[in-house]
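Trainee: Sharing a structure below in structure tokens format, with a few things to ask.
All of the numbers you see were taken from the coordinates with simple rules; none came from a lab. Not measured: the values here are computed from a predicted model. Reconstructed Cβ throughout: ideal geometry from the backbone, glycine too, with neighbour counts over all protein chains shown.
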Amino acid sequence: MVVTAMELSSPSPEVGDPPAGQMLRVLPIKEAPLQAVPAGLCDEVLLAEEAVVEQLTDHHVAFKQDIGQYDPQETRESHRQAIEALIATCEVYVWQVGTDIAAVSTAARALADVGRGIQMVYTSPPHRRRGCAAALVKTIGAALAKRGLRTCLNADARGAHGAERLYTLIGFTNQGLMQQLGFALRQVRFSERAPEP
């Protein structure tokens, strides 16, 4: 997969009016009080109740399908575990419209002590082209900039949903192309017999 490395140079207000809805931080349901949770990029929270985890699992599967990294041998449970691991970081953010999670992203990957990487930006099909992902990414970027942190992300250079163009409109600049490689382990059988001369 070829991706464009991008960095937010200056948030651009020209993307249009924000859509209905708001950014919420998804927090795991814990026995400990919420004061034990590290500070996030917004104060409004959405607790990771069963219905929320299910909806985020659906989005995770669809995201992997959209970017061409879906493995049909992965189970729904493995996708759920991946989402639960992300939620445990306390850095999953959603754009919620009504009770529907319209867009999701993470901002958990620290870039040394100078910034954060935004990952897994996904918008559900009914909410696409309505500004939900743009609003979510802009809000995350603005919160990071307010803290003096840089914001970076990788955009699918050949993606069908126009992410690279959208990020450019928001204020991200192209930092270069990268080829992401993946490796698959294959089982190899060796013969007990010596090769014939």
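Trainee: Can you tell me which of 119-132, 165-178, 95-108, 66-79 comes out highest on packing, and rank the rest after it, using the mean Cβ neighbours within 10 Å?
Mentor: Ranking, from highest mean packing down: 95-108, 119-132, 165-178, 66-79.
Trainee: Sticking with this one: Specify, per residue and in Å³, the volume enclosed by the convex hull of the alpha carbon atoms belonging to region 2-179.
Mentor: Working: hull volume 22.0 nm³, N = 178.
That works out to 123 Å³ per residue.
Trainee: Read phi for every residue in region 42-56 and hand back ³J(HN,Hα) as whole Hz from Karplus 6.51 cos²θ - 1.76 cosθ + 1.60, θ = phi - 60°, with x for Gly and Pro.
Mentor: These are the phi-based 3J(HN,Hα) values: 8, 8, 7, 10, 10, 6, 7, 6, 3, 5, 5, 4, 5, 5, 5 Hz.
Trainee: Pulled fully out, how much extra length does the chain show between Ala62 and Arg165, if you take 0.36 nm times their separation in residues and subtract their Cα-Cα distance?
Mentor: Length gained between Ala62 and Arg165: 35.0 nm.
Trainee: For a footprinting-style exposure proxy, rank Lys64, Lys30, Lys138 by other Cβ within 10 Å, fewest first.
Mentor: Numbers: Lys64 17, Lys30 13, Lys138 22.
Listed from fewest to most nearby Cβ atoms, that is Lys30, Lys64, Lys138.
Trainee: Excluding residues fewer than 8 places away in the same chain, name every one of the lysines whose C-alpha is closer than 16 Å to that of Lys138.
Mentor: Answer for Lys138, where 16 Å is the Cα cut-off: Lys146, listed by chain and number.
Trainee: Quick check: convex hull of the Cα atoms in region 48-108, volume per residue, rounded to a whole Å³?
Mentor: 83 Å³
Trainee: For region 2-179, what relative contact order do you get, as a whole percent, if you take Cα pairs closer than 8 Å and at least 6 residues apart? Intermediate results must be reported in sequence, preceding the final value.
Mentor: Working: 306 pairs, mean separation 66.3, N = 178.
The value is 37 percent.
Trainee: Exposure proxy check: Asp113, Asp156, Asp58 ranked by fewest other beta carbons within 10 Å?
Mentor: Arranged by neighbour count, lowest to highest, Asp113, Asp156, Asp58 become Asp113, Asp58, Asp156.
Trainee: Long-range amide H contacts for Val26: which residues qualify at under 5 Å (H placed 1.01 Å from N, peptide plane, sequence gap of 5 or more or a different chain)?
Mentor: Those qualifying (amide H under 5 Å, at least 5 residues apart or on another chain) are Leu46, Val92, Tyr93, Val94.
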